[in-house]
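Q: After the structure tokens below, expect a handful of questions from me.
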Amino acid sequence: MTALDDTDRRILNRLQEGFPITPHPFADVAAELGLEEDDLITRLARLKDTRLITRFGPFYDAAAMGGAFCLCAMQVPEGDFDRITDLVNAHPEVAHNYERDHALNMWFVLATETKAGIGEVAKRIEAETGLTVLLFPKEHEFFIGFRVAA
Amino acid sequence: MSIDTTDRRLIKATQSGLPLVPAPYAEIANALGLDEAEVMQRLQAMQDSGVIRRIAVAPNHYALGMTANGMTVWDVEDSAALGLGAQVGALEFVSHCYLRPRALPDWPFNLFAMVHGKTRDEVAAKRVEIRALLGDALRSDDILYSTRILKKTGLRLGKG
């Protein structure tokens, strides 16, 4: 595990809260944290390069743009797992995909630009893999206050 | 909110991340042939309307030592699910919490709550707390640990 110092932790905690839309946003955040702008930028670049952060930028909500998200699950035969993973991940609509320890062992999220897109992509995946795709669309999302304490 | 073609170009230019330069919005504007003020105004409008949930970092739970990641799933009586789901979502160790349709008979669970921790024991202890909170409205539950990240890219807009 890559070492994080206290400044890195403060940056990670602060930047989970949101980033300003201002002409010099790094300078604004750096000032809040008592850092220099170039120090903040250098540290963020290192955190990205070392994969301590997976993304830094806007998080878009497909549903708010008229599209949809849907959690999906499949029961994939163990011996065929890598091949099926490649088939599923090849779809750009697959935003993330996790292996889980359950009979339903592959769980992925589809993000599509139209509501109808979810069913269309799921059908394509079923045709390509010969496996059933279970759809778990959200019926209600509860407010969350969670942040990772770095 | 409807997004126009300029918004779409802006989304495509930023969906994999913001440039790490002192004036990132100006750099994006240059690349798209827009001016910085328009880029900022459009991003602000999309944030205000919820198209952008937030501009932020996504920490890598695994690299930060949060290697135990459990999707706890619960079969909760429908009449109690909204109220109890709100209480589960408010727990500080729950990162996502949703009601979803059951897929009977294989999948009886309607409440999903993601729980992260440094060890599976820590996650299991949190699961016990959720179970206590759900009380008599709970019929059965399970936990699915993630054993591998197979893909994590976030939203990608195609052509359009």
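The values are calculated or read from the model by the stated rules, or taken from the named source; none is laboratory data. All figures in this text were calculated on a predicted structure; none of them were measured in a lab. Don't worry about glycine lacking a Cβ; one is built from the backbone with ideal geometry, like all the others, and counts go over all protein chains shown.
Q: Sort out which residues of the range B:23-61 are at the interface with chain A (Cβ under 9 Å from one of its Cβ atoms), crowded, with 17+ Cβ neighbours inside 10 Å and either among the charged types (D, E, K, R) or assigned to a loop (DSSP other than H, G, I, E, B) (or both), and write them in order of number.
A: B:Ala23, B:Val51, B:Asn60, B:His61
Q: Got a sec? Which of A:Glu120, A:Glu99, A:Glu113 is modelled with pLDDT of 95 or more, within 20 Å of the chain's Cα centre (by Cα) and among the charged types (D, E, K, R)?
A: A:Glu99
Q: Here are B:Arg131, B:Arg127: which of them is in a helix (DSSP H, G or I) and either free of Cβ contacts under 8 Å to residues at least 40 places away in the same chain or over 21 Å from the mean Cα position of the chain (by Cα) (or both)?
A: None of the other options fit; the residue is B:Arg131.
Q: Still on this structure: Going through the range A:98-115 one residue at a time, which ones are without any contact (Cβ under 8 Å) to a residue 24 or more places away in the chain, among the charged types (D, E, K, R) and in a loop (DSSP other than H, G, I, E, B)?
A: A:Asp101
Q: Looking at (1) buried (at least 20 other Cβ atoms within 10 Å of the Cβ); (2) more than 7 Å from chain B (Cβ to nearest Cβ); (3) under 19 Å from the mean Cα position of the chain (by Cα), which is the only condition A:Val29 fails?
A: Going through (1) buried (at least 20 other Cβ atoms within 10 Å of the Cβ); (2) more than 7 Å from chain B (Cβ to nearest Cβ); (3) under 19 Å from the mean Cα position of the chain (by Cα) one by one, A:Val29 breaks only (3).
Q: Out of A:Ala63, A:Ala3, A:Ala45, A:Ala73, which single residue is more than 7 Å from every other protein chain (Cβ to nearest Cβ), loosely packed, with under 14 Cβ neighbours inside 10 Å and out of contact with any helix residue (DSSP H, G or I) (no Cβ under 6 Å at 6 or more places or on another chain)?
A: Result: A:Ala3 is the single residue among A:Ala63, A:Ala3, A:Ala45, A:Ala73 that is more than 7 Å from every other protein chain (Cβ to nearest Cβ), loosely packed, with under 14 Cβ neighbours inside 10 Å and out of contact with any helix residue (DSSP H, G or I) (no Cβ under 6 Å at 6 or more places or on another chain).
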